[in-house]
1. Here's a check for you: in segment 156-212, which residue that is within 17 Å of Lys139 (Cα to Cα), touching an Asp or Glu at 6+ places or on another chain (Cβ under 9 Å) and hydrophobic (A, V, I, L, M, F, W, C) is surrounded by the fewest Cβ atoms within 10 Å (Cβ to Cβ)?
2. Cβ-Cβ below 7 Å, separation at least six or inter-chain, first residue in segment 105-128 and more than 12 Å from Ile203 (Cα to Cα) and without any contact (Cβ under 8 Å) to a residue 40 or more places away in the chain, second assigned to a helix (DSSP H, G or I) and of a type in the set (Val, Ile, Thr): which pairs?
3. Among the numbered criteria (1) part of a helix (DSSP H, G or I); (2) buried (at least 18 other Cβ atoms within 10 Å of the Cβ); (3) touching a Leu at 6+ places or on another chain (Cβ under 9 Å); (4) of a type in the set (A, V, I, L, M, F, W, C), which single criterion is violated by Met11?
4. Which of the strands (runs of 3 or more DSSP E) found entirely inside segment 28-144 contain at least 2 residues meeting this: assigned by TED's automatic domain parsing to the domain that holds Met11 and at pLDDT 95 or above?
5. Restricting the search to segment 14-28, which residues are over 20 Å from Asp185 (Cα atoms) and surrounded by fewer than 17 Cβ atoms within 10 Å (Cβ to Cβ)?
6. Give segment 104-137 a look and list any residue that's within 14 Å of the chain's Cα centre (by Cα) and of a type in the set (Val, Ile, Thr), or say none.
7. Just to check your reading of the model, which residue among Ile178, Ile203 is of a type outside the set (D, E, K, R), in contact (Cβ under 8 Å) with a residue 60 or more places away in the chain and assigned to a strand (DSSP E or B)?
8. Is it the case that some residue within segment 19-35 is of a type in the set (A, V, I, L, M, F, W, C), farther than 20 Å from Ile211 by Cβ and under 16 Å from the mean Cα position of the chain (by Cα)?
Amino acid sequence: MNIAILGYGKMGKAIEQLALSKEYTIPLKITADNRSELTIDNLKECDVAIEFSTPETAYDNLKLCVEAGVPVVCGTTGWLDNLDTLIQSIYKSDGSFLYASNFSLGVNLFFEINKQVASLLGQYQDYLPVMHEIHHMEKKDAPSGTAITLANQISEIHPTLSGWTDDLQATTQDKIKIASHRQPDVPGTHIINYSSPIDDITISHVAKNRIGFALGALLAAEYIHDKKGVFTMSDVLGIHKS
């Protein structure tokens, strides 16, 4: 399989290492220094593209993949205001696209745990959730895409919550508060604490390295490269969608 890597930072390099270990080829690697090489003709030499660039460049990169007819996997966050528009173009062009705020197997299982906990504790309104997310210093968006996914899952299920806020001083109790922390060399930690006047219940996911994220992105690319449509990691992992 020929793979285009759009965004050759730490994640792009981790994906490349895993792809080469599977004897895949990487005919196209796009960085800030060679964006002129990101053309439709060059993309057409690839079976699938994996996009891990920046919030500023992701949407344009994805649109070009759609125009080239190349299935694309995207893990860049911070550009989702344009997600619905992109999905419309995917369906219109009979393309293939998979977006995930986090490709880690563990995180996607954590998403399922999060929904179950929110469903259970939502019945007991004394328990109010607060989320802490910790990432490396280079992480450009805050809160993280994973934290927003977790918060949206909770608010869709919890009877008294609607959305989230990063204003920790807010007095409202109908929003999930998200505290974002940036520390050196932290791949990603997400902690959800439900606090009541008498006790706390906490669930968390702590990534130890980037290998899990890279493996998930590569599995997603393997999954969609010969398919049409819009997919999620639930499709890749065979997780029942509730």
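The values are calculated or read from the model by the stated rules, or taken from the named source; none is laboratory data. These figures come from a predicted structure and were not determined experimentally. As a convention, Cβ positions derive from the backbone with ideal geometry for all residues, glycine included, and neighbour counts pool all protein chains shown.
1. Ala179
2. Note: pairs meeting the criteria are Ser119/Ile157; Gly122/Ile157.
3. Every condition holds for Met11 apart from (3).
4. Working: elements: 48-51, 72-74, 96-99, 128-135.
In segment 28-144, the matching strands (runs of 3 or more DSSP E) lie at 48-51, 72-74, 96-99.
5. Answer for segment 14-28, where residues must be over 20 Å from Asp185 (Cα atoms) and surrounded by fewer than 17 Cβ atoms within 10 Å (Cβ to Cβ): Leu18, Leu20, Ser21, Lys22, Glu23, Thr25, Pro27.
6. Val107
7. On the way: Ile178 fails: in contact (Cβ under 8 Å) with a residue 60 or more places away in the chain.
The unique qualifying residue is Ile203.
8. Taking segment 19-35 and keeping what is of a type in the set (A, V, I, L, M, F, W, C), we get 19-20, 26, 28, 30, 32.
Of the ones still in play, those that are also farther than 20 Å from Ile211 by Cβ are 28, 30, 32.
Now drop any that are not under 16 Å from the mean Cα position of the chain (by Cα), which leaves none.
Taking every residue of segment 19-35 in turn, none turns out to be of a type in the set (A, V, I, L, M, F, W, C), farther than 20 Å from Ile211 by Cβ and under 16 Å from the mean Cα position of the chain (by Cα).
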